[in-house]
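Readers should treat all values here as calculations from the given coordinates under stated rules, not as data from a laboratory. Quick caveat, the model's predicted, so the values are computed rather than measured. Because the Cβ atoms are built from the backbone with ideal geometry, glycine has one as well, and the counts that use them run over all protein chains shown.
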Amino acid sequence: MLEFFQHINWAAVGSIILVDLLLGGDNAIIIALACRNLEKAQRMKGILWGTVGAISLRVILIAFALQLLTIPFLKIVGAALLLWIGIKLLIPEEDHGEGITASSSVWGAVKTILIADLVMSLDNVLAIAGVADSTHADHQLAYVVFGLVVSVPIIIWGSTLVLKLIDKFPLVILFGAGLLGWLAGGMLVTDVYVVNTFFAGEGASKLILYSAEVIGALLVMGVGKFIASRKTAQMSEKAG
């Protein structure tokens, strides 16, 4: 553990925190909706336990995801999903939180949060696993846990501030979507099948890796902005 802190990759930690914040908007909304019927004195308890439970669940899922990423073709599938998640991040949503049932008890609210988070956490799991996969194999899970732990207080107390920041500076979302595309490009060329088939088992060169990452980022941002502009125009026509 001491060695981990001495050689910590702050870029990886920062990427994990950014991904968790950008993709955690729906989770923050779920937590708020699940706790909305609690008494004011119980709301913070529900938010805290719900957040702790959701983060713990995600750590477990990511631990499995890190192992699964060593299986041929799974990184290709993961890269495709990350590309879609990044594009989806740029597409405006018409509504959120439908079907989330509020509970009048703390543990009922926590149960609702955990069930909803389990269903919706695929994007977070894949994105964070993609970041951790680029670090040293012995420290991957440590990066995941450290990044998530650091993000907990930000999620709890800073969700409103972050959402306002995103509303005021849309480039934050664009940057986050580009980051997911960057991760997807890296995952694609480091898949076991791709490495063994196209790079004789030795791995892609840095030039190929960086090129794939840049192309992934540009693809997500370009396609995402195009679809977003089309959807915004359609929503404006319906409103008019």
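Find the Cα radius of gyration of segment 44-86, compare it with 2.2 N^0.38 Å by division, and give the number to two decimals. Walk me through the numbers on the way to the answer.
Values: Rg = 14.3 Å, N = 43, 2.2 N^0.38 = 9.2 Å.
In units of the globular-protein estimate, segment 44-86 measures up at 1.56.
Determine, from the Cβ-Cβ distance of F226 and N196 and an R0 of 35 Å, the FRET efficiency 1/(1 + (r/R0)^6), rounded to the nearest 0.05.
0.50
Between V59 and Q234, what length in nm is gained on full extension when 0.36 nm per residue of separation is reduced by their alpha carbon distance?
Difference between extended and current length: 59.1 nm.
Give me the one-decimal nm value for the distance between modelled label points at S105 and I8, 7 Å along each residue's Cα-to-Cβ direction.
4.0 nm
What is the pair-distance distribution P(r) of segment 163-222, computed from all Cα-Cα distances in 5 Å bins starting at 0, with each bin given as a whole percent?
Result returned by the calculation: 4, 21, 20, 18, 13, 9, 6, 5, 3, 1.
Modelling each spin label as a point 7 Å along the Cα-to-Cβ direction, I'd like the T70/F169 distance in nm, to one decimal.
Output for this residue pair reads 3.9 nm.
Given K75/K231; K88/K111; K88/K231, which pairs have Cα atoms separated by over 19 Å?
From K75/K231; K88/K111; K88/K231, over 19 Å: K75/K231; K88/K111.
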